[in-house]
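These notes are about the structure you will find just below.
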Amino acid sequence: MLGATVGKTLCRRKWSPSSSSALWFSSVPRTKAPLEMAERDGELRVFVVAGEVSGDSIASRVMASLKLLSPFPVRFAGVGGAKMSSEGMQSLFPIEDISVMGIWELLPHLYRIRVRLKETVEAAASFEPHVVLTVDSKGFSFRFLKQLRARYNQQKPHWPVHFHYVAPSFWAWKGGEARLRGLAEIVDHLLCILPNEDKICKLNGVSATFVGHPVLEDVLELNLRSNYLVPDWRAEGNAEDFRNKHVIPSGATVISLLPGSRVQEVTRMLPIFANTLELLKETFPQMMTVIHVAPNKYVENFIAEAVHRWPLPSVLIPGGMTQLRYDAFSASRVALCTSGTVAVELQLARLPCVVAYRANFLTEWYIKYKAKIQYISLPNILLDSAIIPEALFRSCTPGNLALLLMNLIHDNNFREEQIVAAEKFVKLLLPSERIRGNLSQQDLMRANSNYSPSVVAALTILNYGKPI
């Protein structure tokens, strides 16, 4: 299944640059500092690629921070979703065209993705960016960076600086560090979201910065609206307001369901969730469900159709609405989610949850064979403990999920253990004091003393190539 942990894995040194690697680095064309090129051209051109809903959110916040912090006007082009569009970028094509999960699940979509990959490379080359920023979606992102760099290598003496936000989970897979070493050929700098990732990247020849986990920005966004800071980085919504708006009886047990952001996930997981609720509704006659819908048109259509046959009264929460999302979390007793970033969001909300995951049986076999960590949810991985119940692969059945949820609803000690662990987990995701100490007084003034991950990421991009 999934053996070691991130904390242990991220502290081992296994490699030092060989002479052949040093020779390669000395022979490649050099990148130029983005602001140096922006000064010459009167603008900073940034080509951004995000292939998933979570990447769209991350990229949009970095785009906003770049516009705030750059001394030059910023112009964007690339691929993304609605949030990136709101920051001034018109996507080449719908983000759903490349948002595919799994290994064998990818096969039916290969031709379309290859076409989109070629279009993206062509568009980037024509845009002549100073910075290329890819966000997560490593399958598409790394192929894009490799092909774009090959294009520049053939045609131009200098290439744009390539940043990739969210380091690949090299710590989770057998041979992961070995694959990490090849990234230096296509990525100039990694923006890491987990502690110690940057150190291991540097040991393997890849320049990197730990900027903090992007989901922390949810707390900052909620704080701006409520005008107060939460010292323990807790994202609190308004439970009473949510219950009143949706006419939820005071005695009702509310469960938040988060079936995923990709259509392949949702079509696989939502029926399992529905069958789980069928088993629970006799025990909890006043149960209601809140279904969080990702901003993906295929996901929206599937869920809209599915709720016609839903076993319980339900409220649909549209994606991309941070306040409403956390209001729903605050009004819920527990959550049932597909493994992913949502498990981190639920820790911010201090909402006890159960994590579930199923995939194509060949994908599940591959994960069991190649993975070297015991858990699948990030809180369990970083804390090296089964704080959050996980139901994975063949164990992800309605019967098992119903039992886990009933235990979590009834057992206050079980709930409290998860809530207490969440505070410890969230602190691990904060940008390091070392990074804050490297910010200049001018940086601090421009950022209004905001040390959010997107600000740290934007400053890392803008300061690239400057002497330290």
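Some points to look at:
- Cα-based reach from LYS368 at 26 Å (exclusive), listing lysines while leaving out same-chain residues under 8 positions away: LYS8, LYS14, LYS138, LYS174
- Take each peptide in 159-170, 366-377, count the other Cβ atoms within 10 Å of every residue, and average; sorted highest first, the result is 159-170, 366-377.
- Prolate/oblate/rounded call for the range 211-308, Cα gyration tensor, a/c under 1.5 rounded: oblate
- Cα→Cβ-extended label distance, 7 Å offset, between ARG114 and LYS245, nm: 4.6
- Share of carbon and sulfur in the accessible area of the range 354-416 stands at 52%, probe radius 1.4 Å.
- Taking 18 Å as the straight-line reach from the Cα of LYS466, the lysines in range (excluding those fewer than 8 positions away in the same chain) are LYS32.
- Whole-Å distance, taken between Cα centres, linking the range 412-431 and the range 128-189: 34
- Most to least packed among 55-63, 144-152 [average Cβ atoms within 10 Å]: 55-63, 144-152
- Rounded accessible area of SER126 (nearest 10 Å², 1.4 Å probe): 100
The values are calculated or read from the model by the stated rules, or taken from the named source; none is laboratory data. On a predicted model such as this, the values are computed, not experimentally measured, just so you know. Neighbour counts are summed over all protein chains in view; Cβ atoms, including those assigned to glycine, are modelled from backbone coordinates with ideal geometry. Heads up: the accessible areas ignore ligands, DNA and RNA and are worked out on the full protein's heavy atoms, side chains in. Shrake-Rupley method; radii C 1.70, N 1.55, O 1.52, S 1.80 Å.
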